[in-house]
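Taking it in order: structure first as structure tokens, then the write-up.
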Amino acid sequence: MEWFNDFWSTYSTLVFSVGVHALLALSIWLTLSCGLLSLANAAFMGVGAYVSALLTLHLEWSFGSVLLAGGIAPTLVALIIGAPVLRLSGVYLAMATLAFGEVVRITVLNLEITGGPEGLNGIPLATEGWHIALILAVTVYGLARLRRSKVGRAFEAIKEDEVAARLMGINVDRYKLLAFSLGAFIAGVAGALNAHFTFFISPREYGFENAVDILTMAVLGGTSSLIGPMLGSSILTLLPELLRSLQDFRSLVNGAVLVLVVLFLPKGLWESRRIRAFFKRLKGGQA
Amino acid sequence: MLEQQLLNALTLGSVYALFALGFTLVFGVLAVINLSHGAVFMVGSYAALAMVSHLNAPLWVAMLGAMVVSGTIGLLVDVLVLKPLRARNAPHLIPMIATIGVGIMLTSAAQGLFGAEVLRFPEDVMPAGEFMVGDVHVRALEIAIVAIAFLLMAVLFTILKRTQLGRALRAIAESPKAAYLLGINVEGLFHITSFVAAALGGIAGVLIGLNFNAITPFMGQPMLHKGIAVIILGGMGDIRGALIGGLFLGFAEVISKAYLSSQMGDAVAFGLLFLILLVRPSGLFGRKLERKA
């Protein structure tokens, strides 16, 4: 157990980050699975983080209810902006959600209660490893069930062809709003979890770069299954630690990974069909 | 006081317009949101700075050099990244994601090469001289910036309106397939467009670098956001809209910074952008677009 304690005291924050990033990657996976490229997830994460941190600091709510509130607050925001924003599609949606993210960041930067540019300090440590593990497990289970349900199939139909989906009698607008706000919920909970183990949050952590990071995780891992986003987020969280020696050039690798994946692995690292084929070949070789 | 602000706004707005022109040109012709445009802008200002301080080049040579350097980067991005994606017929958001990666790479490379701290142009290369017009304090630098920006825009407009090249580009913007069938060298023009757009972004970087005399690896990101705001204000792919949108944003920003608060300047731009997208996605001056499913 000695080695485990050593390992844990050094790397627990990193392990926590892997879990939180996995949740974020899953949150954008959800919107992507409905064919929506939304860059608002970092902002939703920020809303969740700030609301939960403020509730903890000022009203001393219990951690469970704080987490729930951290999820619900961005969901409400998503429901409000969703109706008008989701009328846009493709690039326009990406731009509108990007602008929304900037508005949130600038608002947080200028409000007094959020501590302005300095952010919030001294958020008590409340997140434990099992919290993240449990929430991640529930999210994965829920999303896996969702995929195989009527809702998941509707998402897929909308992603493939919105007009055809509409003609099949699918209420496209409502399903899009559902994907958008569920994604906001997951991102908000991730933000709340994150705020309660980093002690400190500031507007800088929820800007455009972070929205892009979240997207990169999902794209790198691949969005054809739930494993992809989790794989991608683990790699991109651990990679900077492994590349410490590169210092300032570190994020060069992140950018290169993104470009190379888009160019050479259009379906991401984890493409179920290819992996199944690989195992089949392996078995074939043995027989 | 107001006149002074208007001059600031004109200076800023003309550079925004120049930057956004390249951005919107790429969208109009290649149908790609090139999110590395902000990084290319940053590269332009570093290129000029390096030429001025290491090669002792005069400023105008450094400006041309910066255009060549950033133009070449734009060309490389098109040849190495966008072309393979076109060949594969990738969905339209994929090239956008790839250019995000390019932007991260360029920013990180600049940070590694030049460090994260703010760099400045040496005092002696800056166009000196200032004078008063009534109550307004005018710097020669500002005159130069506005003149260069408008000159380049005028050249671009003339090319697009009056030459065979411009007609070909407009044909591609309408439909690349039809243009190809008419015997237009579509790929070649994609390359030219990428070069020109990035060169415009690069010179905008030099002008902003001179105006604030501050260059950092991260200056591209806020500019990119402004570029997005401008081309959405003006209508995506709309050249004239980018000009008007750029000036408009310059004025909106300076005025709200002067009379509201310094931070709110940015919020105004994005609030406006958000609103425009909701009410008139085709831009303030755009024709009504077909709804694209």
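The values are calculated or read from the model by the stated rules, or taken from the named source; none is laboratory data. Small disclaimer: the values here were computed from a predicted structure and weren't measured. Just the protein is used for accessible areas: all its heavy atoms, side chains included, with ligands, DNA and RNA removed. Shrake-Rupley method; radii C 1.70, N 1.55, O 1.52, S 1.80 Å.
General remarks:
- Amide H contacts under 5 Å for A:Ile201: A:Leu120, restricted to partners 5 or more places along the chain or on a different chain, H placed in the peptide plane at 1.01 Å from N.
- q = 0.15 Å⁻¹, the range B:2-219: log10 I(q)/I(0) [Debye, one scatterer per Cα]: -0.97
- Taking all protein chains together and a 1.4 Å probe, the residues A:Phe4, A:Phe264 rank A:Phe264, A:Phe4 from largest to smallest accessible area.
- Taking only the C-alpha atoms of the range B:36-104, Rg followed by Dmax gives 14.6, 46 Å.
- Here the accessible area is traced with a 1.4 Å probe on the protein chains. For the range B:38-175, carbon and sulfur cover 68 percent of it.
- Interatomic Cα distance distribution for the range B:160-287, bins of 5 angstrom, percent: 2, 10, 15, 18, 18, 15, 11, 6, 3, 1, 0
- For the range B:231-261, a decrease in accessible area of 40 Å² or greater in the assembled protein chains relative to the isolated chain, with a 1.4 Å probe, applies to B:Met236.
- Ranked by solvent-accessible area (1.4 Å probe, protein heavy atoms only, all chains present), the residues A:Trp270, A:Trp61 order from largest to smallest as A:Trp61, A:Trp270.
- Surface composition of the range A:11-233: carbon plus sulfur atoms hold 66% of the accessible area, using a 1.4 angstrom probe and ignoring ligands, DNA and RNA.
- Compactness ratio for the range A:142-192: Cα radius of gyration over 2.2 N^0.38 Å (N = residue count) comes to 1.23.
- The distance linking the range B:60-104 with the range A:16-79 is 34 Å (Cα centroid to Cα centroid, whole angstrom).
- Three-way shape label, the range A:74-204, alpha-carbon gyration tensor, a/c 1.5: oblate
- Interface size, chains B and A: roughly 3700 Å² of accessible area buried, both sides included, 1.4 Å probe, rounded to the nearest 100.
- Bins of 10 Å, starting at 0 and running to the largest distance - Cα pair percent for the range A:6-127: 12, 37, 35, 14, 2, 0
- Under the Karplus curve 6.51 cos²θ - 1.76 cosθ + 1.60, θ = phi - 60°, whole-Hz ³J(HN,Hα) for the range B:117-132, x wherever Gly or Pro sits: 6, 6, 10, 10, 5, x, 4, 6, 8, 5, x, 8, x, 8, 8, 10
- Probe 1.4 Å, accessible area per residue of chain A, Å²: 47
- Against the rule of thumb 2.2 N^0.38 Å, how large the Cα Rg of the range A:57-112 comes out: 1.42
- Cα gyration tensor shape of the range B:208-279, rounded if a/c is under 1.5, else prolate or oblate by comparing a/b with b/c: oblate
- The range A:152-287: C-alpha gyration tensor shape, a/c 1.5 cut-off, then a/b vs b/c: oblate
- Translational D in µm²/s for the range B:1-63 (Stokes-Einstein at 25 °C, 0.890 mPa s, Kirkwood Rh from C-alpha pairs): 178
- Taking 37 °C and 0.692 mPa s as conditions, the range B:27-152 diffuses translationally at an estimated 195 µm²/s according to Stokes-Einstein applied to its Kirkwood radius (Cα pairs).
- Whole-Å semi-axes of the range A:11-233's equivalent ellipsoid (Cα gyration tensor): 28, 19, 15
- Debye log10 I(q)/I(0) at q = 0.07, 0.09, 0.13 Å⁻¹ for the protein assembly as shown, Cα point scatterers: -0.43, -0.72, -1.45
- Across the range A:90-145, counting alpha-carbon atoms alone, Rg and Dmax equal 17.1, 42 Å.
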